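Quick notes on the structure that follows.
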Amino acid sequence: MSKSLVGNYIRKLRFDHNEMTQQQLADKVGVTRQTIVALEKGNYSPSLELAFRISHAFKLPLEEVFFYGENSEER
């Protein structure tokens, strides 16, 4: 499976927010821990609704959590 063009800073943000676990974030946004793992690895692109729920969990604008582009793996 190829990596998604949608990248994110979820792993870094979790650690910046009191070292939040994947399970804590998953519970907060209503998904499984495996979904968070897949997002962090770039193996899954979230729905727009989930992307907004995650950005709200971190109290950040969407574009500070997610980015789009062919060079997403380099960020």
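Details
- Residue list for the range 1-29, restricted to those being small (Gly, Ala, Ser) and within 16 Å of Val65 (Cβ to Cβ): Ser4, Gly7, Ala26
- Taking first residues from the range 64-75 that are assigned to a loop (DSSP other than H, G, I, E, B) and partners that are among the hydrophobic types (A, V, I, L, M, F, W, C) and modelled with pLDDT of 60 or more, the Cβ contacts under 8 Å between residues at least 6 apart in sequence or on separate chains come to Val65/Ile10; Val65/Leu13; Val65/Ala51; Val65/Ile54; Val65/Phe58; Gly69/Leu5; Glu70/Leu5; Arg75/Phe67.
- Filtering the range 36-57 to residues that are touching a residue at least 12 places away in the same chain (Cβ under 8 Å), part of a helix (DSSP H, G or I) and open to solvent by less than 70 Å² (accessible area, probe 1.4 Å) leaves Ile36, Val37, Leu39, Glu40, Leu50, Ala51, Ile54, Ala57.
- Contacts under 7 angstrom Cβ, first residue in the range 1-16 being modelled with pLDDT of 95 or more and open to solvent by 70 Å² or more (accessible area, probe 1.4 Å), partner not β-branched (Val, Ile, Thr) and not in a loop (DSSP other than H, G, I, E, B), 6 or more apart: Arg11/Glu40
- Subset of the range 1-35 that is of a type in the set (Gly, Ala, Ser) and not in a loop (DSSP other than H, G, I, E, B) - its residue that is farthest from the chain's Cα centre (by Cα): Ala26
The values are calculated or read from the model by the stated rules, or taken from the named source; none is laboratory data. In this text the structure is predicted, and so the values were computed from the model without any measurement. Note: ideal-geometry Cβ built from the backbone for every residue, glycine included; neighbour counts use all protein chains shown. Heads up: the accessible areas ignore ligands, DNA and RNA and are worked out on the full protein's heavy atoms, side chains in. Shrake-Rupley method; radii C 1.70, N 1.55, O 1.52, S 1.80 Å.
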